[in-house]
Amino acid sequence: MSTIQTTFRMLLALMIGAVGSIVFIYLSLPLPWLLGAIFASSIAMRFENLPILSPKPFSAPARILIGLTIGSAFTPEILQFIDVYFYSLILVIPYTIITIIAGMYYYHKYQGFDKKTAYLSSMPGGVIEMVIIGEEIKANISKITLVQSSRLFFIVVSLPFVIQYIFKVDISGNKLITIPITQTNIPEFAALALLGIIGGVVAKKIRLSAAYLIGPMIVSIAVHSTGVITTSVPDEFLKFVQVVFGTIIGFTFRGVKLKTIVKTLVSTFGHFIILMIISAVFIAIAYYSFGFPIISTLLAFSPGGQAEINLIAILVVANVPYITLHHIVRLFIVMNLAPIFAKKIKD
């Protein structure tokens, strides 16, 4: 397949995702650009004859844009309150450990997974990293991929509905996220984008986890917290990012038999319920102990992918630095615990 054909098929997939977004806007459903793309591509990928491909090559640029947007929230005013987050961040340690133990017990005891596969399936985040580790220790890669993808699917799909219909925060329709491109300082944004690319490449070379997200985020924090740059990523770019992630998530199960998908979703739903209970306990502890806004606390202790949760945080105008720091700590724990203990597990 030529490069032109490959590009066309990925763009067609993104167009299908965008159509789903437009339908969700029309229906006034929450986070339409993200959820609409997820549902449209989830349906489209069941038709195997459609000439479409998952737009995974768009993932790195999309993550760079999210990283830059996260960093732009770290203003000099926000940084004054970083020390206030300390005790809430400490809670991430027991939260992550309890989540892993409960998930491993569930998958091994009730789903019949071998211990290595159960352990990596229970990790709250780092899908690609868990698959790589799974290959090294000869765990069941297909199960890890399906389970981790299902967990991400449940969390990303459910959170917007919880935020809109339980906490009554209206996140429906085609609302502005940041300023439109017509009001953006283009030269300054171009400089920011270039710095973001450099940050991503450097982070990748030094093998930093979630390099294309964390690298640009660090660069963006540096320039925004010092006031060197004040421009953020334009609204149109963030809408495109949502379509990209929505389409990629929707394509997760392409080529997998419907029976396998249903079985995986059912088994993962049990784990999802366990995650909800554990998260609810820690959300309540953090909320009543420290008084941070409930939406920010909810997202800080949601075990989804860092890019996806931070994207939702940006869209609902939550406390992005607070949420981001919690997910960085969780990712650090997961990325350091997983390889050490995975190699010591014996079935």
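Could you state the per residue volume, in Å³, of the convex hull enclosing the Cα atoms of the chain?
Details: hull volume 49.8 nm³, N = 347.
Measuring per residue, one finds 144 Å³ for the Cα hull of the chain.
Under a straight-distance cross-link criterion of Cα-Cα below 17 Å, which lysines are reachable from LYS205, leaving out those fewer than 8 residues away in the same chain?
LYS205 reaches no qualifying lysines.
If you average the C-alpha positions of region 270-294 and of region 309-334 separately, how far apart do those two centres end up, in angstrom?
15 Å
Would you mind calculating the relative contact order of the chain from Cα pairs under 8 angstrom and at least 6 residues apart, reporting the percent as a whole number? Spell out each step's value before the answer.
On the way: 524 pairs, mean separation 108.2, N = 347.
Answer for the chain is 31 percent.
Return the distance in nm (one decimal) between the two label points of a simple spin-label model at GLN183 and VAL228, each offset 7 Å from Cα along Cα→Cβ.
So the two model labels end up 2.6 nm from each other.
Rounded to the nearest 20 debye, what is the charge dipole size of the chain about its Cα centre when +1 sits on each Lys and Arg Cβ and -1 on each Asp and Glu Cβ?
Using only the charged Cβ atoms, the result is roughly 1220 debye.
For LEU258 and ILE345 in the same chain, what is the full-extension length gain: residue separation times 0.36 nm, less their Cα-Cα distance, in nm?
28.1 nm
Suppose accessible area is computed on protein heavy atoms with a 1.4 Å probe; arrange PHE189, PHE341 from highest to lowest. Can you show the working numbers first?
Details: PHE189 20, PHE341 95 Å².
Heavy-atom accessible area, descending, gives PHE341, PHE189.
What full-extension length gain, to one decimal in nm, is calculated for VAL169 and ALA191 as 0.36 nm per residue of separation minus the Cα-Cα distance?
4.5 nm
Show the residues, 5+ positions off or on another chain, whose built amide H is closer than 5 Å to the amide H of SER172.
LEU31
How large is ³J(HN,Hα) for each residue in region 307-322, as worked out from phi by the Karplus curve 6.51 cos²θ - 1.76 cosθ + 1.60 (θ = phi - 60°), to whole Hz, x for Gly and Pro?
4, 5, 5, 5, 5, 4, 4, 5, 5, 9, 6, 8, 7, 4, x, 4
Ignoring everything except DSSP H segments at least 4 long, calculate the 222 nm mean residue ellipticity for the chain; use -39,500 (n - 2.57) per segment, divide by total residues, nearest 500.
It comes out at -22500 deg cm²/dmol, rounded to the nearest 500.
At a 10 angstrom cut-off on C-beta neighbours, averaged per residue, how do the peptides 171-180, 212-221 rank from highest to lowest? Walk me through the intermediate numbers first.
Details: 171-180: 14.9, 212-221: 25.5.
The most tightly packed comes first, giving 212-221, 171-180.
The values are calculated or read from the model by the stated rules, or taken from the named source; none is laboratory data. Keep in mind that this is a model prediction, so the values were computed, not measured. All Cβ positions, even for glycine, are placed from backbone atoms using ideal geometry, and neighbour counts span all protein chains on display. In case anyone asks, the SASA skips ligands and DNA or RNA and just uses the protein heavy atoms, side chains included. Shrake-Rupley method; radii C 1.70, N 1.55, O 1.52, S 1.80 Å.
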